[in-house]
Each structure stands twice: as C-alpha cells, then as structure tokens.
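Everything below concerns the one structure shown next.
The values are calculated or read from the model by the stated rules, or taken from the named source; none is laboratory data. Keep in mind the model is a prediction, meaning the values are calculated, not measured. In this analysis, Cβ positions are derived from the backbone assuming ideal geometry, glycine residues included, and neighbour counts consider all displayed protein chains.
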Amino acid sequence: MEYSSFAVEGRTDLILLVCNPVHQADAGSIRALTGGAGSRG
C-alpha cells in the first residue's frame with residue numbers, strides 16, 4: 001500500500017491521509033480503517 005500524509009493548512013493536529021491501494025486486500029484494509037466512508041467506485 002502506498003500512502004502520503006499532509007498537515008492541513010500547516011496545522012499538525014489536522015492531517016489528511018491519502019492511501020493508494022495496490023492490491024484488493026489493501027483496499028479492504030483501508031475500508032476497515034475508515035469505517036467504509038466515502039465512495040466505493
């Protein structure tokens with residue numbers, strides 16, 4: 001799995017995490033971590 005994280009507007013208490021699943025199992029792990037939020041396209 002590839003991922004990047006960014007501080008939002010320079011604030012270290014707000015973090016944007018972007019995950020790029022490489023395999024289907026990675027996608028399942030990401031969904032489990034986020035509670036299935038967001039698009040499933």
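Just a few scattered comments:
- Entry remark, region 1-21: residues being surrounded by 10 or more Cβ atoms within 10 Å (Cβ to Cβ) and not in a strand (DSSP E or B) number 2 in total.
- Region 31-41, residues that are surrounded by 11 or more Cβ atoms within 10 Å (Cβ to Cβ) and at pLDDT 80 or above: Arg31
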